[in-house]
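**Q** Dumping the structure here so I can ask a few things about it.
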Amino acid sequence: MWRMARPRKPLLSRDRIVDAARGLVDAEGLAALSTRRLAAELGVSGPSLYNHFRTKDQILEAVADSVSAQVDLSMFEDGRDWRAALHDWAVSYRAALTLHPNIVPVLARGPGRRPAGLRLADAMFGAMVDAGWPPAQATSIGALMRYFIMGSALGSFAGGFVDDEAAYDPADYPHLGQAHLLAEHQQLVDERAFEAGLRALLDGLAVQYGRLPATRTG
């Protein structure tokens with residue numbers, strides 16, 4: 001007698017594990033991720049995860065690298081000058097982190113051995129050296145850009161103010177009369193602040209660049 005085949009569960013793979021783990025971290029934070037919880041989300045037994053990842057930390061590293069892989073690097077390869085490339089890269093980098101802010105503390109540790117993270121660092125550093133920045137200064141630029149971008153993604157300035165006007169009594173806070181409006185315009189305020197800071201940072205680097213020896217190549 002012919003029997004209908006049971007529907008097969010999707011095969012467990014590294015990509016499927018990483019996607020599920022990233023979704024869990026996005027929704028509930030780093031503390032929510034455990035191998036037991038992840039296995040339940042995937043509908044598999046816990047030990048089956050160990051065929052792909054030995055530890056939870058390895059899963060977190062893979063999640064972090066999947067976010068690094070979302071950052072556009074084309075600006076370092078298409079002939080844009082170093083300042084335009086840094087600007088566009090920073091915008092793309094922040095956009096990726098803004099979508100996945102809960103993984104930023106893992107990314108902030110540095111690229112370690114993560115392939116996408118290392119490609120990101122290599123592309124930025126190589127472009128700065130090719131533009132004429134000395135390697136030591138190119139390293140510093142990479143560090144300061146990472147500090148700025150990751151710091152901007154760790155929290156919202158505007159979101160830190162409540163929308164209750166009564167919280168800002170002018171007798172106590174004479175200059176915060178409009179602070180209760182910030183949360184309503186959180187995205188706009190934060191994006192403007194990021195752009196203003198980024199342009200100020202790049203302006204400062206441009207001054208330094210102008211003082212480099214004339215032998216620079218970019």
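**Q** DSSP loop chymotrypsin sites (Phe, Trp or Tyr not before Pro) in region 123-167 with at most 14 other Cβ atoms within 10 Å of their Cβ, which ones?
**A** Here the sparse-neighbourhood loop sites are 157.
**Q** What's the magnitude of the charge dipole for region 1-130 around its Cα centre, counting Lys and Arg as +1 and Asp and Glu as -1 at the beta-carbon? Answer in Debye, nearest 20.
**A** Magnitude of the dipole: close to 940 debye.
**Q** If you find the alpha carbon centre of region 65-114 and of region 24-64, how far apart are they in angstrom?
**A** 24
**Q** Measure off, as a whole percent, the carbon and sulfur share of the 1.4 Å-probe accessible area of region 70-136, all protein chains present.
**A** Carbon and sulfur together cover 58 percent of it.
**Q** Turning to a different aspect of this structure: Check each of the GluC sites (Glu not before Pro) in region 4-92 and keep only those in coil by DSSP with at most 16 other C-beta atoms within 10 angstrom; list them in order.
**A** 77
**Q** Now, a different point. Please list, in chain and number order, the residues 5+ apart from residue 132 or on another chain whose amide H is under 5 Å from its amide H, with Hs placed from the backbone.
**A** Residues meeting the amide H criterion: 217, 218.
**Q** Follow-up question, since we're still on this one. Counting only trypsin sites (Lys or Arg not before Pro) that sit in a DSSP loop (anything but H, G, I, E, B) with at most 14 other Cβ atoms within 10 Å, what is the longest stretch of the chain containing none of them?
**A** Answer from the scan: 114-210.
**Q** Classify region 114-173: rounded, prolate or oblate, from the alpha-carbon gyration tensor (a ≥ b ≥ c, eigenvalue square roots; a/c under 1.5 rounded; otherwise prolate if a/b is larger than b/c)?
**A** Prolate, because a/c is 1.5 or more and a/b exceeds b/c.
**Q** Follow-up question, since we're still on this one. Pick out, from 175, 62, 161, the residue whose Cα sits farthest towards the positive end of the charge dipole of the chain, with +1 on the Cβ of Lys and Arg and -1 on the Cβ of Asp and Glu.
**A** Of 175, 62, 161, it is 62.
**Q** Can you tell me the Rg and Dmax of the chain, counting just the alpha carbons, in angstroms?
**A** Spelled out, the Cα radius of gyration and Dmax of the chain are 22.4, 85 Å.
**Q** Per residue, how large is the accessible surface of the chain? Use a 1.4 angstrom probe and give square angstrom.
**A** Per-residue value: 60 Å².
**Q** Run the helix sum for the chain: -39,500 (n - 2.57) per DSSP H stretch of 4+ residues, divided by residue count, reported at 222 nm to the nearest 500 deg cm²/dmol.
**A** After summing the helix terms and dividing by residue count, I get -18000 deg cm²/dmol.
The values are calculated or read from the model by the stated rules, or taken from the named source; none is laboratory data. The structure presented is a predicted model; accordingly, all values stated were derived computationally and were not measured. Positions of Cβ are generated from backbone atoms using ideal geometry, with glycine treated the same way; all protein chains shown enter the neighbour counts. Keep in mind that these areas ignore ligands, DNA and RNA; they rest on the heavy atoms of the full protein, side chains included. Shrake-Rupley method; radii C 1.70, N 1.55, O 1.52, S 1.80 Å.
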